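Below is one structure, written out as structure tokens; comments come after it.
The values are calculated or read from the model by the stated rules, or taken from the named source; none is laboratory data. No experiment lies behind these values; they were computed from the predicted model shown. Here the Cβ positions follow ideal geometry from the backbone for every residue, glycine too, while neighbour counts run over all protein chains shown. SASA here: full protein model, heavy atoms, side chains in, ligands and nucleic acids out. Shrake-Rupley method; radii C 1.70, N 1.55, O 1.52, S 1.80 Å.
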Amino acid sequence: MQIIINEVKKFLNWKMLFVLTFVNVILYFLLIDFHIRYFPNGRPALDSYRIGIEMIEKYGAKMDETEIADFKKTYEQQVEEADHILQSREDFKKADITTYEQFKQMDFEDQVYSDLHGKLFFEESIDLFWELQERESLKDFHNLQQLIINNTISAATSEQKKRLEEIKASGSHHVYPEVAFTNFKDFIMNVTIVIVISAAVMVSPLMIRDRILRVRDLQYTAKEGRKVYLKKVLAGIISTVMVVTVLLGVYFSLYSMNHTATFFPVPIQSFIGPNFWYDLTFFQYIILTVFAIYVLGIVIAMLAMSVSTVVPNYIALIGVQVPFLYAMTSIAVSYLINQIINLGIPKWVVPVSYMGLAVLTGLLIALSVKREGVKDIV
């Protein structure tokens, strides 16, 4: 056990911690900061977020037909408010715009109408008119629910059709604004990229450094020396879990500033957007992605360790890992994290991909352990 602890200390020495901190600070401002600093990102995203909060507080995590009808009634009441505002303004009366319906039908190519629209939305920034746009969009989704899912069913595979019929029967799909859920998906995908890179950066140099310093030559002369490699692997796993835990803790602390906890009880299927294989709440989806990040972090760390065992120097290590990390961060992360249970991807693809990565990692580590067990140090 003491050997494993010592190896963990070698992974997490102060120089490596400094490098990890530097890498994470740079990548945070490149990839993550935007999704924290600018949420909701202007209007109408701000209005969509506010309406979503209002809907959850008023109707709860699910909406039935009665509550959807009440939402539409609220929209009609706000339309009447807008009518009164337009009828009370001389500038709109001069342009013969006295109802919200007339306002929506304005020809924005006409400079007079374009100026009036800009004045109301951007100069005066009247919240009611911004909200009406978003409420109308949600109302249209509510009205078109059945048509949308019927069209989706008609183009689906047999397994997808079965799931879509379940979603259709629930009667509570595509009813809440997607702004909070979309923000989380963008946030967590970029966090995953940062963690994958951090895991590879942390474990890659150790094996090469030990070989350059001829540490293995000394270790392998002892009876237990050949077993040290496996203990290094265990230390690498432990170190990776520790780093991933700390990074997730830091990034989720920052994410909490987005104040999306109100949306956590909402089923992800109820947000406007794609359909999913499983009925998870927003919070359960977060837990699933966190678990997937741990698995992906460990797999990447072990693959990086396997590669660093065989490459002759740091330049070769970089040459091998850069294209691999690019493929993982640009392609694999999108499927393995951001679309982990999307209905658009066959149900078996993501689980099989994770199992394939785990098996590949296990084989590489097993081969490395076997090779180290018989390596000639002379």
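Among the conditions (1) under 23 Å from ALA358 (Cα atoms); (2) at pLDDT 75 or above; (3) assigned to a helix (DSSP H, G or I); (4) of a type outside the set (Gly, Ala, Ser), the only one that THR309 does not satisfy is (2).
The residue that is nearest to the chain's Cα centre (by Cα), among those in segment 114-134 that are open to solvent by 60 Å² or more (accessible area, probe 1.4 Å) and of a type outside the set (Asp, Glu), is GLN133. Take MET55 and tell me if it is open to solvent by less than 30 Å² (accessible area, probe 1.4 Å), in contact with a strand residue (DSSP E or B) (Cβ under 8 Å, 6 or more places away or on another chain) and either assigned to a helix (DSSP H, G or I) or farther than 18 Å from ASP186 by Cα (or both). Spelling it out, MET55 is indeed open to solvent by less than 30 Å² (accessible area, probe 1.4 Å), in contact with a strand residue (DSSP E or B) (Cβ under 8 Å, 6 or more places away or on another chain) and either assigned to a helix (DSSP H, G or I) or farther than 18 Å from ASP186 by Cα (or both).
For the residues ARG37, ARG43, the requirement of being modelled with pLDDT of 85 or more and either basic (Lys, Arg) or in contact with an Asp or Glu (Cβ under 6 Å, 6 or more places away or on another chain) (or both) singles out ARG37. When residues in segment 248-271 are screened for being open to solvent by 20 Å² or more (accessible area, probe 1.4 Å) and either on the phi > 0 side of the Ramachandran plot or outside any helix (DSSP H, G or I) (or both), 4 of them pass. Just one residue in the set ALA180, ALA169 is open to solvent by 80 Å² or more (accessible area, probe 1.4 Å), within 20 Å of PRO267 (Cα to Cα) and of a type outside the set (Ser, Thr, Tyr); that residue is ALA169. Checking each residue in segment 324-341 for being open to solvent by less than 20 Å² (accessible area, probe 1.4 Å) and outside any helix (DSSP H, G or I) picks out only ILE341. For segment 279-286, does any single residue satisfy the condition of being within 30 Å of LEU230 (Cα to Cα), under 14 Å from the mean Cα position of the chain (by Cα) and without any contact (Cβ under 8 Å) to a residue 40 or more places away in the chain? Looking for residues that are within 30 Å of LEU230 (Cα to Cα), under 14 Å from the mean Cα position of the chain (by Cα) and without any contact (Cβ under 8 Å) to a residue 40 or more places away in the chain, one finds none in segment 279-286, hence no. Note on segment 105-161: residues that are within 30 Å of ASN275 (Cβ to Cβ), in a helix (DSSP H, G or I) and not small (Gly, Ala, Ser) total 26. Condition check: more than 15 Å from the chain's Cα centre (by Cα), under 16 Å from LEU12 (Cβ atoms) and among the hydrophobic types (A, V, I, L, M, F, W, C). Does VAL244 satisfy that? Yes: the conditions hold for VAL244. Restricting attention to segment 1-27 and to residues that are under 21 Å from VAL233 (Cβ atoms) and among the charged types (D, E, K, R), the residue that is least open to solvent (accessible area, probe 1.4 Å) turns out to be GLU7. Among the conditions (1) over 15 Å from the mean Cα position of the chain (by Cα); (2) at pLDDT 90 or above, the only one that THR260 does not satisfy is (1). Does LYS93 satisfy the criteria of being surrounded by 15 or more Cβ atoms within 10 Å (Cβ to Cβ), of a type in the set (Lys, Arg) and touching a helix residue (DSSP H, G or I) at 6+ places or on another chain (Cβ under 8 Å)? No, not satisfied. Scanning segment 28-47 for residues that are under 23 Å from VAL191 (Cβ atoms) and either crowded, with 16+ Cβ neighbours inside 10 Å or among the aromatic types (Phe, Trp, Tyr) (or both) gives TYR28, PHE29, LEU31, ILE32, PHE34, HIS35, ILE36, TYR38, PHE39, PRO40, ALA45.
Figure legend. Inter-residue proximity from segment 160-171: first residues over 16 Å from PRO346 (Cα atoms) and of a type in the set (A, V, I, L, M), second residues modelled with pLDDT under 85 and outside any helix (DSSP H, G or I), beta-carbon distance below 8 Å, spacing 6+ or different chains. Indicated pairs: ILE167/HIS173. Evaluated against (1) of a type in the set (Gly, Ala, Ser); (2) within 30 Å of ASP279 (Cα to Cα); (3) in a helix (DSSP H, G or I), GLY362 falls short on exactly one condition, (2).
The residue list GLU81, GLU76 contains one member that is farther than 18 Å from ASN183 by Cβ, open to solvent by 70 Å² or more (accessible area, probe 1.4 Å) and touching a residue at least 40 places away in the same chain (Cβ under 8 Å), which is GLU81.
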